[in-house]
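What follows is one structure encoded as structure tokens, with my remarks underneath.
Coordinate-derived values only; no laboratory data. Just so you know, these numbers come straight off a predicted model, no measurement behind them. Cβ coordinates were reconstructed from backbone atoms using ideal geometry, including for glycine residues, and neighbour counts include every protein chain displayed.
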Amino acid sequence: MPHITIGGESVYYECPHEIGGPTPGARILFIHGPGADHRLFADQLRFFGPSQTPIALDLLGHGQSKGEALEDVPDWASFLEEFIDTLGLAPVVLVGHSLGGAIAIEYASRHPRRVEGLVLIGTGITFPWAADTAADLLEDPEGFLENHALRGLREPHMPMPAEALKAARAEQRPMSSMRDFVAAAKWDASSRLGLIQTPTLIIYGEDDPIVEQAGQLLGAIPHASFDTIPLSRHFPHLEMPDILNDSLNRFVTIVPDLTYMAGGTEP
């Protein structure tokens, strides 16, 4: 599978199509959350592969990407800018989960006309739990994985999502995961949301505690809609992939018209 070099580091991504030539449909870039990697979007890659061009990357220091994880969302957005520019993906549909959604917000607020659509899964204006999680991970990395590997899933856990999340978290470097939660703890989107001119879909699992922030996001982002995924918590793309994929597919199908009405994109 392909790697590209950014800042001297090898960055891994998966895509069912070769980037560089003609590709079907929209380019949909999936950005994972803290302590994870591209594998948590496996169902989305399978679903969208035949009709669209889904791409899922490993952020620096995660999965098969080299380098060190970053501790600030603005720095991650600069990394994302290099990734998108290197592969020539713009205009792109960004799909970010949790911290990945924060990175997508930062990028879209900087480059509103280079993002065709924005999808935020389990993303907060702030992440109130992140500082405590970073401290727990720093104090006892092995114990954290043993005791909290399934944190964020709805109970009782379904076997397949639980296995996927546990496997992804087990293979991440503890320092990378800790830096992710530090970045999330520092994040506050309040000053960025009004800058987003991109059609936006906000998705939460119905049991995700930060669903209470949905109203603030909807009120602050000019062209936003909202969907909840039943029987899921913070990882609806793992727990209820079929329902989430249907919601995302409806958005991607109409996003060219929404983007035109919102002011268009630029290459």
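Before moving on, here are some points about what is shown:
- For the chain, the Cβ-based charge dipole about the Cα centre amounts to some 580 debye (Lys, Arg positive; Asp, Glu negative; other atoms uncharged).
- Relative contact order, percent, the stretch 94-237 [alpha-carbon distance under 8 Å, six or more residues apart]: 32 percent
- Prolate/oblate/rounded call for the stretch 1-64, Cα gyration tensor, a/c under 1.5 rounded: oblate
- Whether the chain is rounded, prolate or oblate, judged on the alpha carbon gyration tensor where a/c under 1.5 counts as rounded: rounded
- Per residue, the average separation of C-alpha pairs within less than 8 Å and at least 6 apart gives the stretch 87-163 a relative contact order of 26 percent.
- For the chain: relative contact order, % (alpha-carbon pairs under 8 angstrom, 6 or more apart): 21 percent
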